[in-house]
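Asks: Got a structure here, written out as structure tokens. Questions coming.
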Amino acid sequence: MKYLLLLICSISFAQNQNISVKYNTIYFTETIKNDSTYISRLSENPKIQINGNKGFFKNAECKCKGVSFFITEEMDFDFNIKENTVEVYNIRFKNSIQIGFGDVSTSKNENSLEYYALKNDGTIRQNNQFLKNYECLSQYFKSVFNQ
């Protein structure tokens, strides 16, 4: 019973942060304040490329205190805009260095969020450090897409 309660709390926290896992890809979904000029405002950002309802953000920088090192690196990510929601996925961090972080170690030059945040069984890591990481990313995506 104790483990069931813990699982429910973990799942509800992830849902409150608008995080989901589909096909081993982590998605951040955010409701946006959409108006007739929304897409044109986004496309004015030199780091954003938009084609229809799909977009690509290059060289994003997310700065928060107390997060894992890879969150503060430059990243690229894809996104979809559908009705009044934006869905961010395929988050790739640049210039990753050799590290040991719990079960995760890397020496690649670019790594996806899934590389760090998904366990071997395909579930999302939910410890305190990763919850800070998700909150930081979530706040960053809100600031980008709720202009």
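The values are calculated or read from the model by the stated rules, or taken from the named source; none is laboratory data. Keep in mind that this is a model prediction, so the values were computed, not measured. Glycine gets a Cβ as well: all are built from the backbone with ideal geometry, and neighbour counts include every protein chain shown. Surface areas here come from the heavy atoms of the whole protein model, side chains and all, with no ligands, DNA or RNA. Shrake-Rupley method; radii C 1.70, N 1.55, O 1.52, S 1.80 Å.
Asks: Residue by residue through region 113-141, note down the ones that are in a helix (DSSP H, G or I) and open to solvent by 70 Å² or more (accessible area, probe 1.4 Å).
Replies: Across region 113-141, the qualifying residues are TYR115, ASN128, LYS132, GLN139.
Asks: Okay, moving on. Could you list, in sequence order, all residues of region 10-58 that are of a type outside the set (A, V, I, L, M), modelled with pLDDT under 60 and open to solvent by 70 Å² or more (accessible area, probe 1.4 Å)?
Replies: Listed by number, the residues that qualify are PHE13, GLN15, ASN16.
Asks: Anything in region 116-147 that is free of Cβ contacts under 8 Å to residues at least 24 places away in the same chain and of a type in the set (Asp, Glu)? List them, or say none.
Replies: Listed by number, the list holds a single entry, ASP121.
Asks: Suppose we filter region 117-147 for residues that are of a type in the set (Val, Ile, Thr) and under 15 Å from TYR27 (Cα atoms); how many remain?
Replies: 2
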